[in-house]
Structures are given as structure tokens and as C-alpha cells.
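Structure, as C-alpha cells:
The values are calculated or read from the model by the stated rules, or taken from the named source; none is laboratory data. Everything quoted here is computed from the prediction, not taken from an experiment. Positions of Cβ are generated from backbone atoms using ideal geometry, with glycine treated the same way; all protein chains shown enter the neighbour counts. SASA here: full protein model, heavy atoms, side chains in, ligands and nucleic acids out. Shrake-Rupley method; radii C 1.70, N 1.55, O 1.52, S 1.80 Å.
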Number of protein chains: 2
Amino acid sequence: MTTTALKARKEFGKTLASDIAHRLRNEIVTCQLKPNESLKFDALRLSFGASFTTLREALTLLAAEGLVVAEEQRGYKVAPVTLEDLHDLTHARILIEVDLMRRSIEKGDDDWEIRVISSLHRLARIEERAPEDYASNTEWKAAHRQFHEALVSASGSPTLLAVRNSLFDRAERYRNLSAMFRPHPRDKAGEHRALMQAAIGRNADQACNLIASHIQTTSNNVAKYASGVISAG
Amino acid sequence: MTTTALKARKEFGKTLASDIAHRLRNEIVTCQLKPNESLKFDALRLSFGASFTTLREALTLLAAEGLVVAEEQRGYKVAPVTLEDLHDLTHARILIEVDLMRRSIEKGDDDWEIRVISSLHRLARIEERAPEDYASNTEWKAAHRQFHEALVSASGSPTLLAVRNSLFDRAERYRNLSAMFRPHPRDKAGEHRALMQAAIGRNADQACNLIASHIQTTSNNVAKYASGVISAG
DNA sequence: ATGATACATATTTTCGAAAATATGTAAAAT
DNA sequence: ATTTTACATATTTTCGAAAATATGTATCAT
């Protein structure tokens, strides 16, 4: 009932465009906006309450991240999901995440160890509280993201970290898609704990192997359970 | 004198925004727009003849590529050049280019071999014609880019290729900067020929070593000759 | 019936003005 | 002299209308 209602529109960024990009990104990753769905300006204007220009800027940003594709003069649409894209994405993620992991383990200081341990702890607590299908839990997803982010956070490579974040979003969309059709979520708790132990124990080779197979296994499961809704590619 | 004058404005893309992004990218990479230079809308509007909105879209695109940085509510500026950034960039380029090279050699077909051989041939011809300081030659730069692009063009990884292209632009800016202060360009002809031979000969290990040291050596030279104009980082 | 052409509609793209925000300057207070 | 406040200016950000482009429909010729 106060003036916060107006300001509340800008939750995540200082500018309206970056805020809308954030909201759009979320809707695409969670598949509220479905793959291949065309993003018409009139419709977007209605649901996001912003002008053509502002929306256009947000879409440009998401196109650069690979969540949206732009067909010039023919508008924007949510990026399609294909098996080919999933494989491409998985390969890129493993390459980059393994490199970042190794360097993080080399360079990580006390604060890094604390970030890794505490983010895993938070993740475990959430899993305790909601043992059944935590994978569709928003809180779990945020904690999961933060744990993986913490692992590579000491790598000191802004360029690769930025790419990594973008790929993580694209992968999360596939995970969400798969979760819709999967009877039970795979139990990753053990894998996460092993990752933490290898990282903190400065066992770089083991940590890199673990993260690579963690990503690969997740991807294989996505391909298995979501193959029905994923285009042939 | 015909109506082409109007259409000529759009040389590179179908939309004006993508065309302006292309032109801006070129001016930044060639350092006509200097590192750290602030990109005021009024000034840009004058030199590019487009409206706020269109320019904003182009800048958003270049910010995603890392050639421009956006400070919210305080406009855009050309991305700074620092030794730290150069190192970060070099590391990322080696990681990605080596991976793409190996996969290109695995998968490359006859057409790939032809692309590699013919693009090297063109590069060599240009070097013959203009032996002195071809590095500042626009034609040479385009051919150089195409040769390196050809080498990795069979990798079949759209995601990593897109990142690679973006990193190549950022690196080229550093090369151009260094060229301004370097007495003679390093002779890369031998390295390029060796790269081609290793790739076509399907000697993946050797080709990967060559491309890694090619990138690293270039980066070291940039650091050496351009250190005066690069911020400490 | 089929394909081509012209027209009407839908949609994207671009523009310049208006609003919001930051920056700079001068007067007032301590 | 230094900080604070108020005001004026410069700059970015956002908007909705107008232009450009694509898509769909009906008409005509073959």
C-alpha cells in the first residue's frame, strides 16, 4: 500500500531492462516460456509492462546468452531444445568447469574453503527438510547453483566464469525439462559431498573427474527422461 | 548517386542495430575508439546516425562480448585493457582453441582440408605482396582471421565456436594495440604453415601444442610491446 | 484448380521526445 | 576552510508513436 509497489518492479537490477532480462531468463529456464515459443512484443508488453525498446534490450541480452534466438525482421523466440544442443552444451560445460575447478583448487584460500563448505551445508539442510523431490524446489535450485558456483569461485578467470554462468542457465533449463518427466530425482547428495571433500582436500585430479562425470551423468539422465520433448536435432 | 546511398548504411546485417554493432566492434578492435573511452549517446548519435534506442541495442550486444562495459545509470565505455585481462583472455583462448582444434582434426572432412589449405594460401599471397608490416594491413587481418577460423571449423561445437569468436575479437584489439609500438611484426608465416601441416596430417597432439604456443607467444609479445599503454591491472 | 498479384493486416524495427537519474556549481551553514 | 544543501545542467533510460518489413487473404489470370 506504500510507494514500494512502484519500486518493487525493479527487483534485481538498477535498470528496468536488466530487471526484465532477469525475469525473462527465469521464465525461460523454468520453462514457463516453452522452447520455440515465439516472443511477440505485444504479448511481452502486456505481461512485463515495459515498452518495445526496453524489451528489445532484454531480448538482445538473452540472445547473447543463448536462451533466446533472434531471427532478423522476424522477431525473437525461446531457444529450441535439441539433443544436439544438449551434447554441445555438455561438452562445453565439462571443458570449462574442469579447468575452473583445477585452478580454484590451486588458488583457493580460507574464504574459498568456507564458501564451499557452507554452501554444501545449506544444500544438505534443504534436502533434509524436503526429502521428496527437492529438485523442483526453488530454494534447492538456488542453493545447488551456489554450491557449484562456490567450487569454481577461486579460479580468478572472469571470462570463463561468465561463460560458465551462461552455460549453467542453459543446462538448468534442460534439467527442469527432464524433471517434469522423471519419476524420482537422482540422489546427488553423495556426489556433492565427494566433490566438496576432493576440493577441500586439494585433490585436483579427483575433483576434476568427479565434476566431469557429475555433469555428464546429469546430462545423460536429461537425455533419457526428456527425450520425448526434445527435438531430434 | 542512386538510392543505394540509403541502403548502403546497412552493410553487414539486416537490421540497423546489428550493422551498427558491427561498425562499433570494428572501431573498438582497431582502437579508433580507445580503451576506457566513454561512449556518450549524443556523440555516437552524431557519428553513427542512429537513435538512442538503436545504439543502446548495439552497445548491449558489445557489452555481452566484453568489448564494452556498462555501468548502470552511468553509461557505457570501451572496455579497459589490462595485463590481468590479457592473461585471463589468453588462458581462456588456449583452453577453448586447443579443444576445438583437436575435435576439428578428428572430424574434419575433405571440405575442411580445402578450407584450411586455401585460407593459408591466401594469407601467404598477401604476405608476399606486402612483406613489410602486413600486420597493420586490413586484408591480412581478415585472411589471418579466416585461416584460424578454418582450422577449428570442423569441430561441430557451435557454443564454443561462438565464445571463440568473441575472444578472438578481444585478442585482436590487444594485437592492434601492440602493433602500434612494435618495430617489426613477428614473422608468423612459419608457425601458420606448421599448423596447417600438423592439422592436415591429422597430428592432433602436435597441432594442439602449436596452437597453444602460437597464442601464448603472441600474447607475450603483446604484453612486452604494449605494456606501456596497458594499465597495471 | 493452380499460381501469381495486389491489397489488408500483423509484427518488428526505428525514431525523437519525455522522464528519471547522475553530475557539476554556487550559496549557506558550521 | 570545509562540509552541506539546493539548484542547474548533462546524460542516461524509458516510452509510445511512426516507419519499415513480413505475413495472410482475396482477387484475377491461366
Quiz item: Expressed as a rounded percentage, what relative contact order does the stretch A:12-78 have, with Cα pairs under 8 Å and six or more residues apart?
Solution: 38 percent
Exercise. Give me a single rounded figure for B:63-69: the average over its residues of other chain Cβ atoms within 10 Å of their Cβ.
Key: 2
Practice problem: Express the accessible area of chain A per residue in Å², computed with a 1.4 Å probe while the remaining protein chains stay in the model. | Solution: 49 Å²
Practice problem: Once you have all Cα-Cα distances for chain B, histogram them in 5 Å bins from zero and send the whole-percent values. | Solution: 1, 6, 13, 16, 17, 16, 14, 9, 5, 2, 0, 0
Quiz item: What pairs from A:Lys224/B:Lys107; A:Lys34/B:Lys14; B:Lys107/B:Lys141; A:Lys34/A:Lys77 go past 20 Å between their alpha carbons?
Solution: A:Lys224/B:Lys107; A:Lys34/B:Lys14; B:Lys107/B:Lys141
Quiz item: Can you pull the mean other chain C-beta count within 10 Å for peptide B:100-106?
Solution: 0
Quiz item: Expressed as a rounded percentage, what relative contact order does chain A have, with Cα pairs under 8 Å and six or more residues apart?
Solution: 25 percent
Self-check item: Three-way shape call for the stretch A:1-125 based on the alpha-carbon gyration tensor, with the a/c threshold at 1.5
Solution: oblate
Quiz item: At B:Glu106, label 7 Å along Cα→Cβ: distances to the other copies, nm, ascending?
Solution: 2.4
Exercise. Give the Kirkwood hydrodynamic radius (Å, one decimal) of the protein assembly as shown, defined as one over the mean of 1/r across all pairs of different Cα atoms.
Key: 24.3 Å
Exercise. Per DSSP H run of at least 4 residues, take -39500 (n - 2.57); add these up for chain A, divide by its residues and hand me the 222 nm value, nearest 500 deg cm²/dmol.
Key: -22500 deg cm²/dmol
Quiz item: With the Cα gyration tensor of the stretch A:12-78 giving a ≥ b ≥ c as the square roots of its eigenvalues, does the rule (a/c under 1.5 for rounded; else a/b larger than b/c for prolate; else oblate) give rounded, prolate or oblate?
Solution: rounded
Quiz prompt | Interface area, A with B, accessible, probe 1.4 Å, both sides summed, Å² nearest 100 | solution = 2400 Å²
Self-check item: Other-copy label distances relative to B:His184, 7 angstrom Cα-Cβ extension, nm
Solution: 7.2
Quiz item: Given charges of +1 on the Cβ of Lys and Arg and -1 on the Cβ of Asp and Glu, with all other atoms neutral, how large is the dipole of the protein assembly as shown about its Cα centre, in debye to the nearest 20?
Solution: 940 debye
Quiz item: What Kirkwood radius, in Å to one decimal, follows from the Cα pairs of the stretch A:184-233?
Solution: 12.2 Å
Quiz item: Taking the Cα centre of the stretch B:83-226 as the origin, how large is its charge dipole in debye, to the nearest 20, when only Lys and Arg (+1) and Asp and Glu (-1) carry charge on their Cβ atoms?
Solution: 160 debye
Exercise. Using a 1.4 Å probe over the heavy atoms of the protein chains, calculate the carbon and sulfur portion of the accessible area of the stretch B:83-226 as a whole percent.
Key: 52 percent
Quiz item: For the residue pair A:Thr82 and B:Ser51, what label-to-label distance in nm results when each label sits 7 Å from Cα along the Cα-to-beta-carbon direction?
Solution: 3.5 nm
Practice problem: Scan chain B and note any complete DSSP helix (H) whose C-alpha atoms cover at least 27 Å along its axis and whose Kyte-Doolittle average is -1.0 or more. | Solution: B:83-107, B:110-129, B:158-179, B:204-226
Practice problem: Choose one of B:Thr53, B:Leu86, A:Ala204: the residue whose Cα lies farthest towards the positive end of the charge dipole of the protein assembly as shown (beta-carbon charges +1 Lys, Arg; -1 Asp, Glu; about the Cα centre). | Solution: B:Thr53
Quiz item: Taking springs between alpha-carbon atoms closer than 10 angstrom, which of B:Thr90, B:Thr54, B:Thr218 fluctuates most in the Gaussian network model of chain B?
Solution: B:Thr54
Quiz item: Under the definition of partner shielding as Cβ atoms of other protein chains within 10 Å of a residue Cβ, what is the mean value for peptide A:150-161?
Solution: 3
Exercise. Just the number, please: carbon plus sulfur as a percent of the accessible area of the stretch B:13-78, 1.4 Å probe, no ligands or DNA/RNA counted.
Key: 51 percent
